[in-house]
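In what follows, a structure is listed as structure tokens, so that the remarks can point back to it.
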Amino acid sequence: MKGSGALCASAAVAVLLAGCSSTLPTDPVPRAGLPVEVQPREDVTRVLPAPRANASAVDIVRGFLRTNVGFAEDDDVAREYLTPALASEWVPTSSVLVLEGNPVVTPADSGRVQVSAPISAQIDAFGRLVELPSGTTVTETFELSPVDGQWRISGFPEGFGLWLSRTDLDQAFRPRKIVYLNRELGVFVPDVRWLAEGEGLPTSLARAQLVDVPPYLEGAVDTGAAGEGRLTVAAVPVDAETRVATVNLQGAGLSEDPVRVRELRAQLSKALLGVDGIQGVDLRLAGRSVDDSGPVTTQSDLGFRDVEPRADRALLRVQDTFVVVDPHVYDLRDVQATSAVELPTLGPSWTGVAASADLQSLAAVSVDGTKLWRWRSGREDVNPGIGDELVPPSFDPHGLLWVAGAARGGGAPRVWYVDADDVGAVARPLDVPDLRDDDRIRSFRVSQDGTRALMVVTDADGAAGRLLLAGIVRDADGSPTGIDAPIEVAPTLTGVVSARWATTTELIVTARREGEEMLGGYRVPLGGWVRPLGVQEGLSEVLAVPDGDTYTPIARTADGRFHTTEGTTGWYDARNGDELVIPGA
């Protein structure tokens, strides 16, 4: 039976989910053959009640929602609340809603029960966790039929998978990284998926890696999984003694395509070796290992590397002068020059300075947003003909400079890219799909792996800022040819004014949260829960100083001060300045 499928905004009091599965301390014996992360939980076990005899239809639905968290356990009590036919068809991980409070369960007509609940997030078909605006609710109808005189659920709402509390979600699922590729740069491009814990995790991870690239990254990333590559058997077993995961693949023409095989080896090994307890990966085609030297381990050459950006220096702009500073120390002190760094002066009519990773190139836009200034190794140039409402530029690792703004001929906003090594090079335009004529791009920044664009988009008045993410489509030579249709990120943040890449999977965002007046800084993991930074009065923007797979946030306030982190939530009043420029950002 198809339910209403209604997702609506309404006022809801968030309370703890009544009837969440209870947990008791336990000390289970580890099961042979399972790596550490896929052993049963050592600290808790679930006590999930089976259906009571002669329970009402309402009680059956309540009981099912209470026990569906145990979908991955051996006894899987939740299926006892279903008819045999529905129990065999149910795919729990096909869709996951995270409940924010008590579900309200009411009888509808004969054999039908309606359930309404506030929800805070959902895991979509690609396994991405998306937070939902406050007040979002779901209302659905469950169908029931008698089985041997007892009510059992015989029909789910359309698209039903799991409804979990936040606590149960954290017990049953974990964010995991799969990887795509940037062939030209030879780097991994990570993407996050929420996958169910348990002994099936290696299989779920391998399947997620083999799924087609999501639409917002089509043409932007590469993958050896393109085409018909799939698992030969239904599982990825892990040997109890060697801890080697074996992946058996098949697919038309796969064995005749050595490039795809090498890429699949890299991607599957990278993903599976990220699971604690898996010490090797054996990729097989038609039952034969593709590595004659043995399983892939963490010491193997995968042919691609992680992107681990580091900024050991930054430029502090004070009026028209740049000073090289250390962004990792609390007071942003000057760097004692070990080699001469030639830097220009820049007058007050320019803002939004960007610097290449080697500090050999700088760029900025005019205060009125009509001109682009560029400097490289002593040569400079001004381009007055690109567009209007230009935003601060962004360098990418492909050797390009990007800037966004409004086209002078009208229409929707667009972006331009230009050769970063040639200050006189012509800027080439690209359109961004799904943007309206009255939209404005207020920020455009390219990821450290060169594959994705992060945009802040507002209306013409600068209000209602939202955060968008899209892939940068490139040809075989790495030249941009388009922008993918973007997806919205962190929709619970409103009035977004700034967003920067902190790592390849996490953003630093300056915005307001729903219902809050003050501007704040937020850590935004892609596909994860938004986390606030410490409060800072007069906040204008939060920057990110990358340091490998981590980073340091730095706050800028309206009084011209920069503030470094102090402890986990505090800020240290570091230094005055007009701009702090993080190279390569």
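We did not get these values from a lab; they are worked out from the coordinates using the rules stated. Only a predicted model underlies this, so the values are computations on that prediction, with no experimental measurement involved. When we count neighbours, we look across all protein chains shown, and the Cβ atoms used for this are built from the backbone with ideal geometry, even at glycine.
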In what sequence do 398, 328, 563 fall when counting other Cβ within 10 Å, fewest first?
328, 398, 563
Please list, in chain and number order, the residues 5+ apart from residue 108 or on another chain whose amide H is under 5 Å from its amide H, with Hs placed from the backbone.
113, 114
For Cα pairs less than 8 Å apart in space and 6+ apart in sequence, what is the mean separation divided by the residue count of the chain, i.e. the relative contact order in percent?
11 percent
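For residue 540 and residue 312 in one chain, what is 0.36 nm times their gap in residues minus the Cα-Cα distance, to one decimal in nm? If you can, show how the numbers build up before the last one.
Working: separation 228, 0.36 × 228 = 82.08 nm, distance 2.37 nm.
Here the answer is 79.7 nm.
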Given the range 200-289, what percent of its DSSP beta bridges are antiparallel, to the nearest 5?
45 percent
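First obtain the Kirkwood hydrodynamic radius of the range 94-159 from its Cα pairs, then insert it into the Stokes-Einstein equation at 37 °C and 0.692 mPa s, and state the resulting D in µm² per second as a whole number.
Using the Kirkwood radius from Cα pairs, D works out to 248 µm²/s.
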Most exposed first by the Cβ proxy, i.e. fewest other Cβ within 10 Å, how do 522, 81 rank?
522, 81
Relative frequency of Cα-Cα separations exceeding 24 Å in the range 366-471, percent:
20 percent
Efficiency by 1/(1 + (r/R0)^6): what FRET value for residue 578 and residue 461, r their Cβ-Cβ distance, R0 = 30 Å, to the nearest 0.05?
0.70
Spin-label proximity, residue 257 to the range 300-320 - amide N less than 14 Å from point 7 Å beyond Cα toward beta carbon
none
Just to confirm the filter: which trypsin sites (Lys or Arg not before Pro) across the range 311-352 are DSSP coil and have at most 14 other Cβ within 10 angstrom of their Cβ?
333
Full-extension gain between residue 479 and residue 298, please, as 0.36 nm times their residue separation minus the C-alpha to C-alpha distance.
61.9 nm
For the range 342-531, the Cα-Cα pair-distance distribution in 5 Å bins from 0, as whole percents, is 1, 8, 17, 20, 20, 17, 10, 5, 1, 0
Rank these for me by crowding, 177, 270, going from fewest to most other beta carbons within 10 Å.
177, 270
When only alpha-carbon atoms are used, what values of Rg and Dmax, in angstrom, describe the chain?
26.5, 86
Contour minus Cα-Cα span, residue 288 to residue 514, at 0.36 nm per residue, comes to 75.9 nm
Cα→Cβ-extended label distance, 7 Å offset, between residue 331 and residue 240, nm
6.2 nm
Helical segments meeting 20 Å axial Cα length and Kyte-Doolittle -0.5 threshold in the chain (DSSP H)
258-272
